[in-house]
Amino acid sequence: MSALAVLRSEALYLYYPDHTTPIGGTLPKIAVSDMEVLSEEALTISVAKFIPVIPHAPVPTVLVLSDELCFTQPFKEGDKEDAEKALVALTPFTHVATASLTVQNQRYFIATNQDYYEAVVRSLAARGHQVTLVVPWICLVRSGMTKGELDMVTVKRVFDNLSSLRMCIFPLAVENREAPVSSASVPEKPKSKLPIGWIIFGVGALAYGFVMYWFFIRGA
């Protein structure tokens, strides 16, 4: 048995190779809001309501982060380190994780809130699901595992081609680690809610969506 977990800004769904429909649902605002975990206890309780405990061996699970959780920054090999640090510095979360991906000969850094997905990883572990990889949604698309659909076949493709996903994985901290470390070597910074930050990311997200749309058109 295996599972594909898809995390959205305020929802979590699990897909299985032998289930025609996913299980999951919306996460309450007392647990998660604006991509931030407000209460991990409330998150764990919420996840427990729609995911039954697996009594047998842990279920290998790949956690996929939806586009709405990811921000992007193009870079060239010569400015790779500076580009990653700039993206991390502009991301309004305390712990930022990054992954890299190449699309049509252009390289990108993808950033997300590490605290959010690590909390979800722990909540899933409490229900018998062991997360082995954390990847952005676009990685599945780029690897040819889906063109947007999510079903039993998608889950099978993912687990048949795990090596292809390793090219763009987010770091996964050791379970119960007190303070996950950012994947970029920059000092820890306080959380920021400045409107200008969201404006910058809005532009970045729009550019990201445009690139992905162009990719779909070319691949159709």
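Below, the figures for the structure above:
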| quantity | calculated |
| --- | --- |
| Residue list for the range 65-91, restricted to those being free of Cβ contacts under 8 Å to residues at least 60 places away in the same chain, of a type in the set (G, A, S) and surrounded by fewer than 16 Cβ atoms within 10 Å (Cβ to Cβ) | G78 |
| Search result, residues across the range 35-54 that are without any contact (Cβ under 8 Å) to a residue 60 or more places away in the chain and either in contact with a His (Cβ under 6 Å, 6 or more places away or on another chain) or of a type in the set (A, V, I, L, M, F, W, C) (or both) | L38, A42, I45, F50 |
| Tally, over the range 74-104, of residues that are farther than 21 Å from S143 by Cβ and not in a helix (DSSP H, G or I) | 7 |
| Filter pass, V53 being outside any helix (DSSP H, G or I) and either of a type in the set (V, I, T) or over 20 Å from the mean Cα position of the chain (by Cα) (or both) | yes |
| In the range 131-168, residue nearest to D18 (Cα to Cα) [restricted to those that are among the aliphatic types (A, V, I, L, M) and out of contact with any Leu (no Cβ under 9 Å at 6 or more places or on another chain)] | M152 |
| Positions within the range 155-178 being in a loop (DSSP other than H, G, I, E, B) and on the phi < 0 side of the Ramachandran plot, in sequence order | N161, I169, F170, P171, L172, A173, V174, E175, R177, E178 |
| Of all residues making up the range 1-34, the number that are surrounded by fewer than 19 Cβ atoms within 10 Å (Cβ to Cβ), assigned to a loop (DSSP other than H, G, I, E, B) and free of Cβ contacts under 8 Å to residues at least 24 places away in the same chain | 5 |
| Test: A42 is small (G, A, S), under 25 Å from V155 (Cα atoms) and out of contact with any strand residue (DSSP E or B) (no Cβ under 8 Å at 6 or more places or on another chain) | no |
| Candidate set: the range 122-171, residues that are surrounded by fewer than 18 Cβ atoms within 10 Å (Cβ to Cβ) and touching a Pro at 6+ places or on another chain (Cβ under 7 Å); chosen: the one farthest from K49 (Cα to Cα) | K156 |
| Positions within the range 59-82 being among the hydrophobic types (A, V, I, L, M, F, W, C) and over 20 Å from the mean Cα position of the chain (by Cα), in sequence order | F75 |
| Matching residues in the range 34-47 - criterion: being of a type outside the set (D, E, K, R) and at pLDDT below 95 | M35 |
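For (1) hydrophobic (A, V, I, L, M, F, W, C); (2) assigned to a strand (DSSP E or B), each residue gets a yes or a no:
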site	(1), (2)
A111	yes, yes
D115	no, no
L133	yes, yes
C139	yes, no
V153	yes, no
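The values are calculated or read from the model by the stated rules, or taken from the named source; none is laboratory data. Because the structure is predicted, anything quoted here is derived from the model rather than measured. Because the Cβ atoms are built from the backbone with ideal geometry, glycine has one as well, and the counts that use them run over all protein chains shown.
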